[in-house]
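So the structure is just underneath, and the comments pick up after that.
The values are calculated or read from the model by the stated rules, or taken from the named source; none is laboratory data. All values derive from a computational prediction rather than experimental measurement. Here Cβ is always computed from backbone atoms with ideal geometry, including for glycine, and neighbour counts include all displayed protein chains. The accessibility values were calculated without ligands, DNA or RNA, using every heavy atom of the protein model including side chains. Shrake-Rupley method; radii C 1.70, N 1.55, O 1.52, S 1.80 Å.
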Amino acid sequence: MAPSIPTEPASKRNGVNDHEVVPIGPSPGLSSNPPRCISEQTLQQMLKSIGYDEAREDAYRLKGVQLIDSVRQSISLPVKTFDTAATYYHRFRIRFPSAEYNYEDVALASLFVACKVEDTIKKSKDVLCAAHNIRQPHDQRTPDDKMFDGPSKFTVGLERHILETIGFDFQAQYPQKLLIKLLRKMFPKGEKGDSPEVKKFISDAYDMSIDLYKTFAPLKQPSFPLVMAILELTVLLTGMGGDHLPQFYADRYPVRKGCVLEVMLDLMDLYTQFPKSTKVGSRYDLNKLMDVKIDINKMLSGNRYHRHFAWCDKCAQDSSDALSVTPGSVISPATNSSLPGNITVKRNGKSSEGTLRFVFDHEDARFERETVAEYFDDVYEEIEEEVEERIPDEPRHSSRSAHHSHSSHRNHTDHGWSPYSRSRHGGHNSDRHKGRKSHGYY
C-alpha cells in the first residue's frame, strides 16, 4: 500500500497557522573590534571623558611604567613582557579614571597579565612581593607571606578588567626585535662594531626603546615607525650612523614621514620635560635636547606636516579642562593596608542587548553585521490604495426637536418671554394659581 500524501500544509501540521508570524530568534549580541592603533585626537577625547589632569596623570604614567620595569628586572622577566605590560597599563589608564584604581595596582596587574600572555608565568604573589621589596628594602618579604593574600585577590579582580579593556587581543608589538636587526645592519661586526662610539649608539637606542613606553607612542604607531624614530633621534643626538637610514626606508614597506616625526617629538617632549625620569634624557644636556627638538620642528614645518598624524581640526572638540579627580581608591591595596580576605572587584557594566563578543578580524566582523542586519532591520514599504468613500446622508431631526418646532409654530403669535415661570410640565395652563385669581386670600 502506497503511503498517503498529506493534504494539509506543513505549517498547520507543525502547529503553526499561515497567518501567524514565526518570531525572530534572539539577538546574536554585540561585537567589539579592539583597535590596534589609536590616533592622537581620539586619545585626547578619551582622556577628557575620564577627567584627565595632565600634570598629575603624566606623573602617574611615568611612575607606573617605571614600577613595571623595576619589578620585571627584579624577577628576571624579558623585555617583551615589559612591552606588553606597559601597553596594557596605558590602555587601562585611558579608559578608567584615577579615582577608581591606584596606578600601582594597575601596573602590577598589567605585569601579571603580561606574564601569562608572553608565557613567562609568574604568580600574582611573586609580582606583589617583588614590588613590596622594591618599595621597602628594609622590610624584605617572601611570596608565601600572608600579607599578600588580600592584594593577590584584588590583582586577580583587576585582571578581568584588563582583559576586557584590551578586548582579549593579546597581540603586542616588540620594537626591540626589529631594532636589533637594523642595528646589526648599521654596525656589522669587524667594521668598527666594537668601538666605544658604536656601543654608546647601541646603548642609547636600546634604552630609548624602553623610554618610548613612557609615552603614548606605542598606542599610536606600529613597530617600524617606532624603530625608525628611535634610530633617527639617536643619529641626531650622537651625530653618527645617518648614512644607513635611507636604505632602511627603501628596504621596508613605505612609511609616512609624518608618523616618524610625531614619535620623535613625543620622545623629545619626554626628555625635555622629565629628563630625570628617563634613561636617555639624563645623559644629555638640556640645551642639546632643545636644539635637537628645534631641528625636528623645522623638518616638520618644512614638509608641511601636522604635529599629530591624521589630525582633523573640524572634529576637534572644545579644549576646556575637565573636572579633576582624586587619585587612589578606598579598596585599593596601595592606599589601604588593612584589606579583608574576601575582597572582590566589581564594576557596573553598561546594559546591552545580548552578549558582548570580541572579534579580532575586522573584515569578518563587518561581514557578520551585514548578514545579521538583514534579519533585524525594520523595512517599511509605502502602498497607495484607492478606496471609495460613501457620502453620508443628511442628519435627521430628533423627536424633541420636532416637537419644539411644532410648538413654536402653534404659538407663533406669542412674542417675548412669558410673565410666569414655566413648570416642569410646560405650558401656561399648568400654573395652579392662574385659575383662582378672584378667590385669593386677602
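Considering only protein heavy atoms, what is the solvent-accessible area of C37 at a probe of 1.4 Å, reported in Å² to the nearest 10?
60 Å²
Sort the range 182-285 into rounded, prolate or oblate with this rule: let a ≥ b ≥ c be the square roots of the eigenvalues of the Cα gyration tensor; rounded if a/c is under 1.5, and if a/c is not under 1.5, prolate when a/b is larger than b/c, oblate otherwise. Show your work: numbers first, answer last.
Details: a/c = 2.11, a/b = 1.13, b/c = 1.86.
Verdict is oblate for the range 182-285.
I want to check the label-to-label distance for R36 and V379. Put each point 7 Å from Cα in the C-beta direction and report it in nm to one decimal.
3.5 nm
I want to make sure I understand the PRE zone here: with the label point 7 angstrom from the Cα of M240 toward its beta carbon, which residues in the range 185-225 have backbone N atoms less than 20 Å away?
Only 185-209 pass the distance filter.
Quick one: Karplus J couplings for the range 364-376, per residue in order, coefficients 6.51, -1.76, 1.60, θ = phi - 60°, nearest Hz, x for Gly and Pro?
5, 5, 5, 5, 5, 5, 5, 5, 6, 5, 5, 9, 10
For the range 160-225, what number of Lys pairs, 8 or more residues apart or on separate chains, have alpha-carbon atoms under 30 Å from each other?
So the count works out to 24.
Starting from the 7 Å offset along Cα-to-Cβ, what nm value, one decimal, do you get for the label separation of I180 and R304?
Taking the simple label geometry, I180 and R304 are separated by 4.3 nm.
Give me the 1.4 Å probe accessible area per residue for the range 172-246, excluding ligands and nucleic acids, in Å². Let's see the in-between values first.
Details: 3070 Å² over 75 residues.
With the other protein chains kept in place, the range 172-246 gives 41 Å² per residue.
Give the calculated FRET efficiency between D145 and D291 to the nearest 0.05, with a Förster radius of 35 Å applied to their Cβ-Cβ distance.
Numbers: r = 51 Å, r/R0 = 1.46.
E between D145 and D291, to the nearest 0.05, is 0.10.
At 0.36 nm per residue, and after removing the present C-alpha to C-alpha distance, how many nm does the segment from S195 to R283 gain when stretched out fully? Don't skip to the end; give the middle numbers.
On the way: separation 88, 0.36 × 88 = 31.68 nm, distance 1.89 nm.
Full extension of this stretch gives 29.8 nm more.
Taking +1 at the Cβ of each Lys and Arg and -1 at the Cβ of each Asp and Glu, which of T155, Y271, I202 sits farthest along the dipole of the range 132-284 towards its positive end, judged by Cα position relative to the Cα centre?
Selected residue: I202.
What percentage of the solvent-accessible surface of the range 136-282, computed with a 1.4 Å probe over protein heavy atoms, is contributed by carbon and sulfur atoms? Mind showing how you got there, number by number?
Numbers: 3650 of 6760 Å².
C and S atoms contribute 54 percent here.
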